[in-house]
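What follows is a set of notes on a single structure, which appears directly below.
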Number of protein chains: 2
Amino acid sequence: MSVTYAAGFQAGTAKAHRTGGSERKNLTMIVNQGPMDTAVGVFTPNRFRAAPVIWTERILTDGHAGAVVINSGNANACTGQEGLEQTRNTAIKAAGLLGLEPERVAICSTGIIGHLLHLDAILSGVDQAHADLAGDDHAGADAAKAIMTTDTTSKTVTLDGAGYRLGGMVKGSGMIAPQLATMICLITTDAVLDPGQARTALRRACDTSFNRIDVDGCMSTNDTVLLMASGASGVRPDMEEFQALLDHACSDLARQIIGDGEGAHHQIRIRVQGADDEYGALACARAVAGSNLLKCAVAGNDPNWGRVVSSLGTVPESEAAYDPARVSVDFNGIRVCDGGKPGQDPDLVDLTLPEVHIDIDLHQGSAQADVWTDDLTHDYVAINADYTS
Amino acid sequence: MSVTYAAGFQAGTAKAHRTGGSERKNLTMIVNQGPMDTAVGVFTPNRFRAAPVIWTERILTDGHAGAVVINSGNANACTGQEGLEQTRNTAIKAAGLLGLEPERVAICSTGIIGHLLHLDAILSGVDQAHADLAGDDHAGADAAKAIMTTDTTSKTVTLDGAGYRLGGMVKGSGMIAPQLATMICLITTDAVLDPGQARTALRRACDTSFNRIDVDGCMSTNDTVLLMASGASGVRPDMEEFQALLDHACSDLARQIIGDGEGAHHQIRIRVQGADDEYGALACARAVAGSNLLKCAVAGNDPNWGRVVSSLGTVPESEAAYDPARVSVDFNGIRVCDGGKPGQDPDLVDLTLPEVHIDIDLHQGSAQADVWTDDLTHDYVAINADYTS
């Protein structure tokens, strides 16, 4: 499933480790067999962008690529000119096998920062992944697994449009924050899309999905979301329908990241409503989602609305106008703060379920926004104290 | 010691609990016996300011107060009109005992948000604290203990100027972030200061001390720093010397907060140098200090410079210009990242000591700024999952 659900796509996976390395597959090749080779991306705004981000953004300027190579375990970030050469050589290798120009091969990397790739192992992995290429469900499922790092489960989506298909996979569970996340996401479709259409649709979809999740407030050097269209269905989609499908796919994958947040026991939806505009609602929701104190409280099953309003109170009035004396906060439907004061008894709130809804009403206007985050647990600390990434 | 070190100040403490409450002293009264009653404050910019913050900022508009009453355990925040009435009634009670106008009594509260005070217990505590008033070292030490919440130790400072003294106390160990921190700080001096001088000096001192520490990125509803001058020494200080002493006192207390950060095992100094201006250096240092991933890495004794640069990379170029390919990062003097690439072997870094210095050089200009933070440990999560604040 995943990226091979749409017609025209093949995936292959391989182990690309030094001798004595892990037995895990960590290299993935996805090939678009056409007839179209539309490919567009959205990339991290981090100023320390990894070599593969620099490469891929550049080659996708014209909106075309025939293949992607993804390695997991090493981000090839902060590796200077040598890292850029390694990315380019990976593209050259894949291009040679596929009969493409190197500038038609996108590269993504995820994993530790500040280490050069073991290029021999990567290039040999590209050979193996090429030999493994297949268009069946199994190949797609293997690809979604091979891109994982600290993920505990693979994350995929498949959707059907009117005569065309859309499938996707994502990896990521830590260093997740607007903009984007430590994540690599690839969505494929057999709809007929030109690069301009694809780019507009992908940007919109990211804005309301990956840009509205926050695991730990940390922005990665490697975040990449790619959309590739083969046109193999022959169907030129209604763009409104396609946008809705793509939004759905991205939101679904973003939620799966939150569900797999490092060490998380609760998924938390912060909804801010009653704002003057969506921008203000989003600023408020992000401020609350970024509170370590709140995230710890939820880990302890404590509906601590004081930590909600104290975070809300850090948003400047110029970003979101509201009167603190009118604000209400609900935890799972129980209005624990009403008019800026204590409301219903917090003991009425049940936080034992894995999903927590925190609804904040500014009672100012009619705009709203959601941000998803995770609780902050002992396990998060353990994972991130011990993992070098 | 602490606030009774300077001549003209007395402190008294009391237990102000409901029947069956804790045996801990939690109410403190500090009285300025003059001859001057200069008093100024710096307050949290949080929009959900607690009742005592609203009260105290208002009554200090003219720069005069003769006493402060501080209760710990309940912040009297998000308590609406009734909370404001409780603060006012506490001031009226203390004023009656001291022969002052209520508008000459500052009030500070710290603790849980969203609960009304047990006013009877507070008022009875004010009576007891008044009966306990004394100007000796013991009284000052007791005051510094009585204002604590999750603090593990009391935090005080005493300094000598040319013919005058300065003493202070602070509480705070979590919800610490610019601006200010979840903290109550009171500094007293027997120097002769008028309100204008005191206000300017206190704002400057806060800017380079309490505003440059970050335990968890969370800004409190109650942060308050007060400076009171009795003039009892009869010495009108050289303001340059006084500023230096006050800066030192505030920095010392801020560092003690970091040293007592909730669950912290390491104190981390983030120094950004080589910036075009101090503002840019500070923006960079704060971005790095706010990284949960970095704070977990330090907890695990891992000099993870990838997490330093990925945080640095989130600062917009408009705030701090630099070339990522020229940035260096040292952990305790070992240059693990040089020119945006791996430098010396991270294994050379010893992170077993409690103090960690992370020095970032942007190689752009000559400005620098320091921000102090703590590591993020299992104990932080435990403290904040179990404590309702």
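Value of Rg to Rh for the stretch A:217-374, rounded to two decimals, is 1.05; Kirkwood radius and Rg both from alpha-carbon coordinates.
The mean number of partner chain beta-carbon atoms within 10 angstrom of a residue's beta-carbon across peptide A:284-296 is 4. Roughly to the nearest percent, how much of the accessible area of the protein assembly as shown is carbon and sulfur, given a 1.4 Å probe? Its accessible area is 48 percent carbon and sulfur atoms. Past the 32 angstrom mark, what percentage of all C-alpha to C-alpha distances in the stretch B:2-259 do you count? In whole percent, the long-distance tail amounts to 11.
Accessible area of residue B:37 (1.4 Å probe, protein heavy atoms only, ligands and nucleic acids ignored): about 50 Å². Inter-chain Cβ neighbour count for B:305-318, averaged per residue, equals 6 (cutoff 10 Å, partner chain atoms only). Between the helical axis of B:278-289 and the longest alpha-carbon principal axis of chain B there is an angle of about 90 degrees.
This model, with +1 at the C-beta of Lys and Arg and -1 at the C-beta of Asp and Glu, gives the stretch A:188-261 a dipole about its Cα centre of some 160 debye. Solvent-accessible area of residue A:69, all protein chains in place: 0 Å² (probe radius 1.4 Å, heavy atoms, ligands and nucleic acids excluded).
Helices in chain B, meaning DSSP H runs of at least 4 residues, each add -39500 (n - 2.57). Divided by all residues, the mean residue ellipticity at 222 nm is -10000 deg cm²/dmol. Inter-copy label distances for residue A:276: 3.0 nm (label point placed 7 Å from Cα along Cα→Cβ; shortest first). Under 5 Å between amide hydrogens, built in the peptide plane, is the criterion, and for residue B:213 it picks out B:372 among residues at least 5 positions away or on other chains.
Buried accessible surface for the A/B chain pair comes to about 4200 Å², total over both chains, computed with a 1.4 Å probe.
Charges were assigned to the Cβ only: +1 to each Lys and Arg, -1 to each Asp and Glu. The resulting dipole of the stretch A:267-386 about its Cα centre is roughly 180 debye. Between the alpha-carbon centres of the stretch B:255-277 and the stretch A:79-110 there is a gap of 41 Å.
Could you tell me how many cubic angstrom of Cα convex hull volume the protein assembly as shown has per residue?
147
What is the stretch A:62-161 by shape, rounded, prolate or oblate, if you read a ≥ b ≥ c off the alpha carbon gyration tensor as root eigenvalues and call it rounded for a/c under 1.5, prolate for a/b larger than b/c, and oblate otherwise? The shape class here is oblate. Annotation: lysines with alpha-carbon distance below 28 angstrom to residue A:171 (same-chain offsets under eight excluded): A:15, A:25, A:93, A:145, A:155, A:295, B:295, B:341. The relative contact order of the stretch A:6-259, computed from alpha carbon pairs under 8 Å that lie at least 6 residues apart in sequence, is 26 percent. Counting heavy atoms of the protein chains alone, residue B:208 has an accessible area of about 70 Å² for a 1.4 Å probe. Under the convention of a label 7 Å out along Cα→Cβ, give the distances in nm from residue B:248 to the same position in every other copy, shortest first. So the label point of residue B:248 gives 6.9 nm to the other copies.
Shape summary: the stretch A:108-156 maps onto an equivalent ellipsoid whose semi-axes, from the alpha-carbon gyration tensor, are 21, 18, 6 Å in decreasing order.
Which sequence of A:36, A:148, B:228 reflects their accessible areas, 1.4 Å probe, from the largest down? Walk me through the intermediate numbers first.
Values: A:36 50, A:148 30, B:228 0 Å².
Reading off the accessible areas and sorting them downward yields A:36, A:148, B:228.
Sorted from nearest, the other copies put their residue B:347 label points 5.8 nm away, the label point being 7 Å from Cα in the direction of Cβ.
Within the protein assembly as shown, what percent of beta bridges assigned by DSSP are antiparallel, to the nearest 5? Could the numbers behind the result be given before it?
Numbers: 98 of 144 bridges.
In the protein assembly as shown, approximately 70 percent of DSSP beta bridges are antiparallel ones.
In terms of the mean number of neighbouring beta-carbon atoms within 10 Å, the peptides A:245-252, A:73-80 order highest first as A:73-80, A:245-252.
Dimensions of the stretch B:193-257 based on its C-alpha atoms, expressed as ranges along the principal axes with the largest first, amount to 42, 21, 17 Å. Please say if the stretch B:1-132 is rounded, prolate or oblate, where rounded means a/c under 1.5 for a ≥ b ≥ c the square roots of the C-alpha gyration tensor eigenvalues, and otherwise the choice is prolate for a/b larger than b/c and oblate otherwise? Oblate shape, in that a/c is at least 1.5 and b/c is the bigger or equal ratio.
The values are calculated or read from the model by the stated rules, or taken from the named source; none is laboratory data. Computed from a predicted structure; not experimentally measured. As a convention, Cβ positions derive from the backbone with ideal geometry for all residues, glycine included, and neighbour counts pool all protein chains shown. The area values use the complete protein model at the heavy-atom level, side chains included, leaving out ligands, DNA and RNA. Shrake-Rupley method; radii C 1.70, N 1.55, O 1.52, S 1.80 Å.
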